Every structure is written in structure tokens, then in C-alpha cells.
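Read-outs throughout are calculated quantities, based only on the coordinates presented, and are distinct from any laboratory measurement. Being a predicted model, the structure only gives us computed values, none of them experimental. Ideal geometry is used to build each Cβ from the backbone, glycine not excepted, and the neighbour counts take in all protein chains shown.
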Amino acid sequence: MLLAVGGSGLAQAPEFPTKPVRWIAPFAPGGFSDTLSRYLGVRLSEEWKQSVIIENRPGAGGTVGSEYMLRAPADGYTLLTGTISSHAINVALMELRYHPLKDYAAVTMLSKQPALMVAHPSLPARDFKQIVALARRYPGKLSYGTPGIGTSMHMSAELVKQLSGVDLTHVPYKGSAPVMVDVLAGHVPIAVVPFAAGATHVRVGKLRGIGVTSANRSPVLPDVPTLAEQGFKDLEVTSWLGLFVKAGTPVPIVEQLNRSVARLLDRPENRRHFEQEGAELVSSTPRALAAHVEAELARWTKVVRAAGIKPN
């Protein structure tokens, strides 16, 4: 099981940190996981009076950085931003050198961000029920784009297909930017993209917001319904980030990390900072994050198998 600790604490916790801390961000600079890691790192540096050095180790949907982190000692001085991809979806898609339920200790959830389904205005459908009707009228003819095979957006769309029973053709791109270019140009009629990538275009009317994958509507796009309220009550998918350390890290260190990071996540000014990206900062206990990872592993393994996607 993924090592999780409660909030019992010890009478006298060790002084931590007493030297610089490395934070592995397993994606390239500029993306949301990198941005959030850096934002929190700066504030932890101020609180701890120690440097927090963000180290980008991108590749293979977060697996390169996740594997790299395991070379570090289990002392709490190397942190990892784990994602829905690196700690759930990729387990079903790839042969990995790590296991998220054995090799890491959960610290806290960091954030949740929904995907956004958008459509070019030329598509004769204003909501997902109308897209379902179109897809049933023209089976196999309606396509949708995502930032790539195995991304949380792709998996969200596969879950939508399984719940609705419609046949939509997946067009994978290499990242959010190229899929946005093509859906804005009408080359692909529908796209499932990160919320931040599509929200501005929906607000100005260049794209139609079909639905968000969160349980509740986003305050950024209050007029765009959730897919759940359009008849898919089991459809709640958020691209989550969590903070992890190496398995075997002393419990008091994990607890101190949890308290320090949770304080930052719970501050209203920090939450407001990320609202426009559709992201919700969320703290949790280590045990709650561990349970979430376990549930996500089971969920996405089932979706991948039902979709017939073969592991690489």
C-alpha cells in the first residue's frame, strides 16, 4: 500500500528543513503543474528560510520525473508533484519502473482542475445531448481532438464515450496548443482540453462550451453546464496534482510537510490566484491522498481496458 500517515504527530518533531529542498516537477516549464509547484515553492522558501529548488524532469506523461525522484534518499528533502497521469493513468498504459502504491508516501492533495469540452461554432450542436444525437446519426463520422493519447483529457473523453455509448473518433495531438489551433480553425469539430486552454476562447465566443468534467460548474464559465448535469451523473473527472515523497520518509517529516503545504493551499488569496485557470487548490491528509490514488488506479485501469487501449 502507498505509505500514508495520519495526523497523530510526535511529542517532539525534528527540525525540518535544515538545508535546501528539491521539488521535482515532472513536466516542462510553463504548464500548470510547473506553475503551481513554483508558486508554492517560493512561499515555502519564505516560510522555511531555506531554498526550494524546482527541477523540471519532463517526459512520458510525468513518468520520467517520477522515476528520477526515486534515486533520492527517503528524507523529505526531495518532493514530487504527482499527477493523474503519473500516478494513475500511466500505470494502465505503460510498463513503469515504479508503482504509485508502493514507492511513494503521500503528503497532500494540491489541486483539481476539470477538462473542458468545446466545439467549433459551425457544429450544429449546442450541448452534449445534441452531440450524442449527431454521433448516433452519423456513427464514426464525428471526431474530437485531445492533447494526446493517455492524457487525462483523452481518458475523460473515453469515459464519456463509454457512458453515452456513442462512437466518436479520437484525433490525438502533441499537446494543447496544436489541438486548440485546429478546433479554432474548424479542422476538428470538438476538443477536450485543459480548462485554462479553452476558457478564454469560450468567453469571447470563438468556441462553444459544451461541458466541464467537474461535479460543479466553474465560476469562470458559469453558463457552461457540467457533463454530469447533462445526464451523465457518474462523470466527474478532474486533473489532480498531489505532493509525494519517497516511501520510507520518516512520519514526522511527512506530517510537517503536510502542515506547511496545507497552510498555503488553504489561504484564500492563494486559491483566488488560480481560480481563473479553473483550478481549485485542495489540501488533504496523507491518508486521503493515498486513498484517492488507489481509487483512481482502479478507475482508469477499468476505462483503459474497456477502451481497448493497449499498454506501451
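Which whole-number percentage describes the relative contact order of the stretch 114-230, with Cα contacts under 8 Å and a sequence gap of 6 or more? Working shown, then result.
Numbers: 217 pairs, mean separation 44.1, N = 117.
Relative CO of the stretch 114-230 lands at 38 percent.
If I take every Cα pair under 8 Å that is 6 or more residues apart in the chain, average their sequence separation and divide by the length, what percent do I get for the relative contact order? It would help to have the intermediate numbers written out before the result.
Numbers: 647 pairs, mean separation 87.7, N = 312.
In percent, rounded to a whole number, it is 28.
Report, in degrees rounded to the nearest 10, the 0 to 90 angle that the Cα long axis of helix 251-265 makes with the longest principal axis of the chain.
Taking the Cα atoms of the chain, the angle to 251-265 is about 50 degrees.
Return the long-range amide H neighbours of residue 111 (sequence gap of 5 or more, or a different chain), with a cut-off of under 5 Å between placed amide H atoms.
Under 5 Å from the amide H of residue 111 lie the amide H atoms of 241, 282, each far enough along the sequence or on another chain.
Cβ under 14 Å from residue 48's Cβ, residue 48 left aside: what net charge do those residues give with Lys, Arg +1 and Asp, Glu -1? Before the final figure, lay out each step's value.
Working: positive: 19, 22, 43, 49, 259, 263; negative: 15, 46, 47.
So the surrounding residues net to +3.
Just to check I understand the Karplus step: with θ = phi - 60° and J = 6.51 cos²θ - 1.76 cosθ + 1.60, what whole-Hz values come out for the stretch 240-249, glycine and proline as x?
3J(HN,Hα) across the stretch 240-249, in whole Hz: 9, 10, x, 9, 9, 10, 6, 4, x, 4.
Give me the net charge of residue 143's neighbourhood, meaning all other residues with Cβ under 13 Å from the Cβ of residue 143; Lys, Arg count +1, Asp, Glu -1. Could you put the intermediate results ahead of the total?
Numbers: positive: 141, 161; negative: 167, 182.
So the surrounding residues net to 0.
May I ask you to order 35-46, 182-193 by the average number of other C-beta atoms within 10 Å around their residues, highest value first?
On the way: 35-46: 18.0, 182-193: 20.6.
Taking the mean over residues of other Cβ atoms within 10 Å, the ranking is 182-193, 35-46.
Take every Cα-Cα distance within the stretch 114-230, group them into 10 Å bins from 0 onward, and report for each bin the whole-number percent of pairs it holds.
The distribution over the stretch 114-230 is 16, 53, 31, 1, given as percents.
In straight Cα distance, which aspartates and glutamates are under 13 Å from residue 206, not counting same-chain residues fewer than 8 positions off?
The qualifying aspartates and glutamates are 182.
How large is log10 of I(q)/I(0) for the chain at q = 0.11, 0.14, 0.15 Å⁻¹ when the intensity is taken from the Debye formula with one equal scatterer per alpha-carbon?
-0.67, -1.03, -1.16
Can you list which of the trypsin sites (Lys or Arg not before Pro) found in the stretch 127-172 are DSSP loop residues with at most 12 other C-beta atoms within 10 Å?
Values: sites: 129, 136, 137, 141, 161; in loops: 141.
Counting only loop positions with at most 12 other Cβ atoms within 10 Å, the trypsin sites (Lys or Arg not before Pro) in the stretch 127-172 are 141.
Which of the trypsin sites (Lys or Arg not before Pro) found in the stretch 204-312 are in a DSSP loop and have at most 13 neighbouring Cβ atoms, other than their own, within 10 Å? List each step's numbers first, then the result.
Details: sites: 206, 208, 217, 233, 246, 259, 263, 271, 272, 287, 299, 302, 305; in loops: 206, 217, 233.
Of the trypsin sites (Lys or Arg not before Pro), the ones in loops of the stretch 204-312 whose Cβ has at most 13 other Cβ atoms within 10 Å are 233.
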